[in-house]
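I'd like to ask you about the structure that follows.
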C-alpha cells in the first residue's frame, strides 16, 4: 500500500507525484482516496505549481505520522506513554531527538516570504492539512504580535482605509487604550 | 487564487484570519489596537469569536444574579464587554456591583457599605444610612459623630478571577464639615484567611482627610509634627492589647470589643503581629468619590476568604463626615 503513487495536478496543469501514505496527511486527499473516486490524477484547481511541491514536501515529512506535530505542541512529551507498562526510556530519548529534529526541519521549511505564506495557508486550508495550517497561521500571527498599528500597516503594506471622520475616531480609541496603559 | 496574481492577507478565508487574530489578541487591549489598523482588521478584531474569550467563563452565573435584566440585548460580544466595563451591574440583591477591568477583562466587585460590620453602625447618633444619587447602592454609611471608627468584613473569593492579585479599595467621600480624620491614625489590614500559608501582610496606616494647611504630597511642617506628637501623648492607648484575639488567627468579634473595651486602644499591628507601614493617600476616582488602597491579596483558585479590618485606635476624639459607599476589589494592574 505504501508504494501506491497518487498524481496531483496543479491549477496550471502541472502534475506532481506523491506516495499515498504521504497524501493521507491531507484530510481532503484522504477522503478522495477512501471514497474510491481515484481516477488517475487528482486535480487541485486552487493550488498552483509553485506551492504544490512545498505542500508535498510537508506531507512527505508528516505523512503516515499524524502524531508528530501534536507531540511538538505538547513540548515533545507524549502523555499516553507514561501509563504504558512497557515504557522505554531509550525509546523516549530517541523520540525527543526525533521531535527536536522535526522542529529544526520546520524552522527551515517555514523560511519564505509573505506571498508564499498566504498561498501555503490557502492550500493547507483547502487540503485540510491541520499541522501545516497551524504552522502558517502561527507564522502570520508572529508577524503581527507586539507591533504597533503603524508597524503592522507597514509590514503588510496596508493603507488605512478609514474616512477622515473614522480616522479621528480611531486615533481616539488608540489614545484611550494607550492612556489606560500609561495610567497603570 | 489567480494564477500569476498575488495573494493578500485580505484573500485569506475568514476562519484563518480569526485563527491568526485569536493567537495575537490575548487581551481586549490587543484587539482594540488591531482594530485601528484598517477596516479589514477592524471587522475581524471586533468579531464575537475574539471577544467572547474576554468575557468571564461564569458570565451567565453572574448575569443570573443581576437585579436588572437589561443585559440580554447586545448586538455584539464587544459591545457587551465594553458595557460591563463602564456600567456597574447590581448583583446579589443589590449588595454588590460587578464590572470588568478593561485592559485584562478580569472581574471587579464593589461591596456595599451596609455589608460591612461597622461597630456602632446601628446607633443613629453615630452612623446614618442615607441614600445618595451618586452611589451605586441604595444606602451609604455616613459617620455622623462617633469616637469609634471600626469595621470588619470577610469576603469570599469564589467569584474572583483566578491567579490574580486583587487590591482592595475603600470608596468614600468626605463632607465639607468632616473632622477628626486628618491624622495618620486609621489602620487597615487585608489578609487572606488561608491558615497562615501565605505571607501575613502588613497593616497600613493611612490618613483619610487632607489637613487644612498642607497637600497630600507635601512635607509635614515641623510645627505639625511636634503638635502631633504632643497630642498623641495624651492618649496612651497604643500599648493596649486585645486579650482574646491576640494570638489567634481571626478577627475579633463585636462582642469581644464590647466585653474588652481595651481593644479599642490596641493597634492592629500588635494584635496580629505584623509590621505596620504608611499607606498611600486617597485618590480621586473620577466618579465623584475618593478611594484609598486598603491592601492586596493573591487569589489562586478562590478557595479562601479574605479578612478586611479597618480601625482607628485613637478613640478619644470625635470623628465625623466620612461617607462610605463600599469596598472595591480590583485586579492589580501590571502584574
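Would you tell me the mean number of C-beta atoms belonging to other protein chains that fall within 10 Å of each C-beta in A:132-145, as a whole number?
4
What is the stretch B:40-101 by shape, rounded, prolate or oblate, if you read a ≥ b ≥ c off the alpha carbon gyration tensor as root eigenvalues and call it rounded for a/c under 1.5, prolate for a/b larger than b/c, and oblate otherwise?
Cα axes put the stretch B:40-101 in the prolate bin.
Oh, and also: Could you please rank A:104, B:173, placing first whichever residue has the fewest other Cβ atoms within 10 Å of its Cβ? Don't skip to the answer; put the middle values down first.
Values: A:104 10, B:173 22.
Result, fewest neighbours first: A:104, B:173.
Rounded to the nearest Å, what's the spacing between the alpha carbon centres of the stretch A:27-59 and the stretch B:1-53? Just the number, please.
With the stretch A:27-59 and the stretch B:1-53 each reduced to a Cα centre, they are spaced 28 Å.
Still on this structure, please answer the following. Beyond 19 Å, what share of the Cα-Cα pairs of the stretch B:1-104 remains, rounded to the nearest whole percent?
Within the stretch B:1-104, distances greater than 19 Å cover 50 percent of Cα pairs.
Moving to a separate point now. Taking 22 Å as R0, compute the FRET efficiency from the Cβ-Cβ separation of residue B:83 and residue B:158 and round it to 0.05. Working shown, then result.
Values: r = 24 Å, r/R0 = 1.10.
According to the calculation, E is roughly 0.35.
So how far apart, in nm, are the two label points at residue B:40 and residue B:317 if each is 7 Å from Cα heading toward Cβ?
Calculated label separation equals 6.9 nm.
Separate question: I'd like the distance between the alpha-carbon centres of the stretch B:64-104 and the stretch A:121-146, rounded to an integer number of Å.
Each part's Cα centre sits 36 Å from the other's.
Between the stretch B:180-212 and the stretch B:294-324, how far is it from one alpha carbon centroid to the other, in angstrom?
7 Å
Quick one: which of B:18-24, A:88-94, B:82-88 comes out on top by average Cβ neighbours within 10 Å, and what's the full order, highest first?
The densest-packed peptide leads the list: B:18-24, B:82-88, A:88-94.
Each label point is 7 Å from the Cα along the Cα-to-Cβ direction; what then is the distance between the points at residue A:150 and residue A:60, in nm?
Simple spin-label model gives 4.6 nm for this pair.
Throughout, read-outs are computed from the coordinates displayed, never taken from laboratory work. Since this is a predicted model, take the numbers as computed values, not measurements. Using ideal geometry, Cβ is built from the backbone for each residue, glycine included, and neighbour counts are taken over all protein chains shown.
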